[in-house]
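Notes for the one structure printed next.
The values are calculated or read from the model by the stated rules, or taken from the named source; none is laboratory data. None of the values given here were measured: they were computed from a predicted structure. Here the Cβ is made from the backbone with ideal geometry for all residues, glycine too, and neighbour counts use every protein chain on show. Just so you know, the surface numbers come from the protein's heavy atoms only, side chains and all, with ligands and any DNA or RNA stripped out. Shrake-Rupley method; radii C 1.70, N 1.55, O 1.52, S 1.80 Å.
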Amino acid sequence: SNFLLRVYTNTLTTFGGQGTPQVSTSLMTAGKTFSSCFGSVIVPSFGGLVKGLEYYGRVSARNSEGYSLPMQATMPLAPMVIPGAPTGVALDVVSATELRVIFGSPSDNGGDSISQYLIEWSTTQDFMHAESTTLDYLVGGSPFFKIISGLRTGICYYVRVSAKNSQGYGISQVATPASLNPHQRPSPPTNVKLGITSSTMLTIGWDAPFSDGGDSISKYRIEWDTRQKFTSLSYPPNRGYIDVAASFRSHTLQLLSSEKSYFLRIHAVNSAGSSTPQLTNPDRAVPSLQMPGVAYSVVASP
């Protein structure tokens, strides 16, 4: 539509004050009113801006007469994307019900500061029905750590971590190792017995511990000494230790002296360490000759 023009003030005078000057307006070109103009454009179309660096923008309108004065955006913006994966994600065992995950900042923050980390854990590798917690206190910088509590002893948990900025969460990073089972040291072996085998041999026997601590028993350690506190200065074979496979339930010591009394004890071992030692029953024995055992596989023929 056309604009209406009116004289706001008239202070014209003529030379010598002759007559009264008048001002009039006349339409020379029909005007137009355009609807509001809006839109968006990606600049530059070929990319090349620096992530995280703030840029100012402004827009000018153009017609056949040229460009208008520019209108500047109210605030600058920086190109941003979601962050990369956290670095150095490591998992270790704290107790029978706790795991600890340690990690560093992503190598790429996406052009914006990291505001939060998401820690997820699950009993399945696909993280179905995963539980999660967040780490928001980031003062002091990496490395960061989080204790995952309330876990079931002996159950393997997979753990992964992802970082968050203003654009959202980035891709997650699975821990190394990918899974661990919360566990603790096992209880001592049970039903530990000591028997005399010969004048140079003693045999120790045992049953499995009441609890493996949430982790499989990897071995048993047998110690022997001529002192009850296992602090003698004797040399082998009168003092020493030996590790035997977890499947064993007995072991015979050899090359012992029939003139010495020996104390024996045994530990159960898993990846968390050794159990407290369990002394034998009886607590000591002296190697000596023994009656032969009962014959077996006896076959009679006519």
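Worth pointing out:
- When you work out D = kT/(6 pi eta Rh) for the chain at 20 °C and 1.002 mPa s, using the Kirkwood radius from C-alpha pairs as Rh and the Stokes-Einstein form, the result is 76 µm²/s.
- Histogrammed with a bin width of 5 Å, the alpha carbon distances of the stretch 1-100 distribute as 2, 6, 8, 10, 9, 8, 7, 7, 7, 7, 6, 4, 4, 3, 2, 2, 2, 2, 1, 1, 1, 0, 0 percent, first bin at zero.
- Distance from the Cα centroid of the stretch 124-153 to that of the stretch 270-302 is 49 Å (rounded to whole angstrom).
- Accessible area (Å², 1.4 Å probe, nearest 10) - S216: 80 Å²
- Cross-link partners of K51 among aspartates and glutamates, defined as those whose alpha carbon lies under 19 angstrom from its own and excluding same-chain residues fewer than eight positions apart: D108, D112.
- Order by protection proxy (mean Cβ within 10 Å, highest first), peptides 226-239, 182-195, 14-27, 284-297: 182-195, 226-239, 284-297, 14-27
- Net charge dipole, the stretch 208-302: roughly 200 debye, given to the nearest 20, about the Cα centre with Cβ charges of +1 for Lys and Arg and -1 for Asp and Glu.
- Ligands, DNA and RNA left out, the accessible area of the stretch 20-112 computed with a 1.4 Å probe is 58% carbon and sulfur.
- Heavy-atom accessible surface of the stretch 1-126, averaged per residue, reaches 80 Å², computed with a 1.4 Å probe.
- Where L255, L151 fall by accessible area, highest first, once all protein chains stay in place (1.4 Å): L255, L151
- Charge tally for I171 (other residues, Cβ to Cβ under 12 Å; Lys, Arg +1; Asp, Glu -1): +1.
- Average silhouette area of the stretch 67-226, convex hull of alpha-carbon atoms, in square nanometres: 16.2 nm²
- The slack between A78 and R62, meaning 0.36 nm per residue of separation minus the straight C-alpha distance, is 3.1 nm.
- Taking only Cα atoms of the stretch 176-302, radius of gyration then Dmax in Å: 17.7, 70
- M201, M75, M28, ranked by accessible area, largest first (probe 1.4 Å): M28, M75, M201
- Each listed q (0.12, 0.21, 0.28 Å⁻¹) maps to a log10 I(q)/I(0) for the stretch 48-115, found by the Debye formula over equal Cα scatterers with no solvent: -0.58, -0.92, -1.13.
- Heavy-atom SASA rank of T203, T280 (probe 1.4 Å, accessible area, largest first): T203, T280
- Among the GluC sites (Glu not before Pro) in the stretch 50-121, those placed in a DSSP loop whose Cβ has at most 12 other Cβ atoms within 10 Å are E54, E65.
- Under 15 Å from K146, Cα to Cα: aspartates and glutamates that are on another chain or at least 8 residues apart: D92, E98, E120, E131, D136
- Within the accessible area of the stretch 228-302, the carbon and sulfur atoms contribute 58%, probe 1.4 Å, all protein chains present.
- Rolling a 1.4 Å probe over the heavy atoms of the protein chains gives the stretch 145-195 an accessible area of 48 Å² per residue.
- Cross-link partners of K260 among lysines (Cα-Cα below 24 Å; sequence separation of 8 or more within a chain): K193, K229
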